[in-house]
Amino acid sequence: MDVVRSRAELHHALAALPRPLGLVPTMGWLHAGHRSLIARARDECGAVAVSIFVNPRQFDDPADLAKYPRGEARDLALCADAGADLVWVPSVDDVYPPGFDTSVTVDRLTLPLEGAARPGHFAGVSTVVAILFAVVRPDRAYFGEKDGQQLRVIDRMARDLGITEVVRCPTVRERDGLALSSRNVHLGADDRAAAPVIHRALLAGRAAWASGERDAAVIRGRVGDVLATEPRADVEYISCADDATLAELERIEGPAMLSLAVRFGATRLIDNIRLG
Ligand code: PAF
């Protein structure tokens, strides 16, 4: 496995790789969710590249950026073990060369949910992913469904610009249902024990939908009722939105995304589940 840093090293290494090329973009502190993305790319592509870059432009809070977990040695070990051919670990200047003055924004899809809660976040995400796609030029890129709105925003951008195919991959969960996330490391023992209520709440919403309930307010209510059983859970939003547009629904008449953001102490977790 090659580990490269500058764009020049990257281009040299890319030239030697067979196609199709799969890219797994990451911010490091890799876990079994990332491993599953690399494994899927390994199955479907001739070569697999991983990028590891904690993107400052997608953090709306400098304190959140400062405490984002980092661990290059363990990340590289996981990449090698999972079968990556190439890992790009750029510096901020490699990604945003001096004088950089471009922003890529997706409009309507970024207005609700995480876009409303974290101003500027999605412009940071779509700009860095556009750069990764432009520099690495992968045929396919692999993203997890856990960040449901991010996945839809990146897919929209890639379709609108006619670049890289975006591959949606299932959320990987702990045995107790907690979705894997680099942020889980910040949960103290009590909050970690409480956090699986998120998945139980989403499952309760889905069970109501599966038994025929189509009133989105009732579904959101069921999710809220389960979250309310856990005093450590500080609910930011519960959404039942159209799966494609993310517009909030009154009645569920087609595929929908049931999603939420919940704080446990200082740690903010998001998760979602698909209805239909
Ligand atoms: O999901 C992430 O890890 C990041 O948002 C991404 C897509 C790598 C962009 O920095």
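Of all residues in the range 96-135, those that are among the acidic types (Asp, Glu) and either under 11 Å from residue 157 (Cβ atoms) or under 14 Å from the mean Cα position of the chain (by Cα) (or both) total 2.
Note on the range 109-164: residues that are outside any helix (DSSP H, G or I), over 27 Å from residue 84 (Cβ atoms) and touching a strand residue (DSSP E or B) at 6+ places or on another chain (Cβ under 8 Å) amount to 1.
Quick grid of which residues meet (1) within 16 Å of the ligand (Cβ to nearest atom); (2) farther than 21 Å from residue 97 by Cα:
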| site | (1), (2) |
| --- | --- |
| 16 | no, yes |
| 19 | no, yes |
| 24 | yes, yes |
| 33 | yes, yes |
| 42 | no, yes |
| 54 | yes, no |
| 58 | yes, no |
| 63 | no, yes |
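For residue 134, the conditions (1) surrounded by fewer than 20 Cβ atoms within 10 Å (Cβ to Cβ); (2) within 13 Å of the ligand (Cβ to nearest atom) are fulfilled apart from (2). Checked against the criteria, residue 75 does not count as within 15 Å of the ligand (Cβ to nearest atom), free of Cβ contacts under 8 Å to residues at least 24 places away in the same chain, within 26 Å of residue 180 (Cα to Cα) and not in a strand (DSSP E or B). For the range 80-99, which residues satisfy the criterion of being in contact with a helix residue (DSSP H, G or I) (Cβ under 7 Å, 6 or more places away or on another chain) and touching a residue at least 40 places away in the same chain (Cβ under 8 Å)? Passing the criteria: 82, 83, 84, 86, 87, 88, 89, 94, 95. Based on this model, can you work out whether residue 4 counts as touching a Phe, Trp or Tyr at 6+ places or on another chain (Cβ under 6 Å), touching a residue at least 60 places away in the same chain (Cβ under 8 Å) and either among the aromatic types (Phe, Trp, Tyr) or more than 21 Å from residue 163 (Cα to Cα) (or both)? Judged against the criteria, residue 4 is a match. Scan the range 206-218 and give yes if some residue there is part of a strand (DSSP E or B) and either out of contact with any Ser or Thr (no Cβ under 6 Å at 6 or more places or on another chain) or of a type in the set (Lys, Arg) (or both), otherwise no. Yes. Of the candidates 107, 101, 61, the single residue that is surrounded by fewer than 20 Cβ atoms within 10 Å (Cβ to Cβ), at pLDDT below 95 and under 30 Å from residue 245 (Cα atoms) is 61.
With respect to (1) hydroxyl-bearing (Ser, Thr, Tyr); (2) under 20 Å from residue 169 (Cβ atoms); (3) out of contact with any strand residue (DSSP E or B) (no Cβ under 9 Å at 6 or more places or on another chain), the lone exception for residue 103 is condition (2). When the range 165-187 is filtered for residues that are part of a strand (DSSP E or B) and either in contact with a Phe, Trp or Tyr (Cβ under 9 Å, 6 or more places away or on another chain) or farther than 23 Å from residue 116 by Cα (or both), the ones remaining, listed by number, are 165, 166, 167, 168, 169, 173.
Looking across the range 4-38, the residues that are out of contact with any helix residue (DSSP H, G or I) (no Cβ under 6 Å at 6 or more places or on another chain) and among the aliphatic types (A, V, I, L, M) come down to 8, 10, 13, 14, 15, 16, 17, 21, 27, 32, 37.
The values are calculated or read from the model by the stated rules, or taken from the named source; none is laboratory data. Predicted model only: the values in this text are computed from it and were never measured. Heads up, the Cβs are rebuilt from the backbone with ideal geometry, glycines too, and the neighbour counts pull from every protein chain shown.
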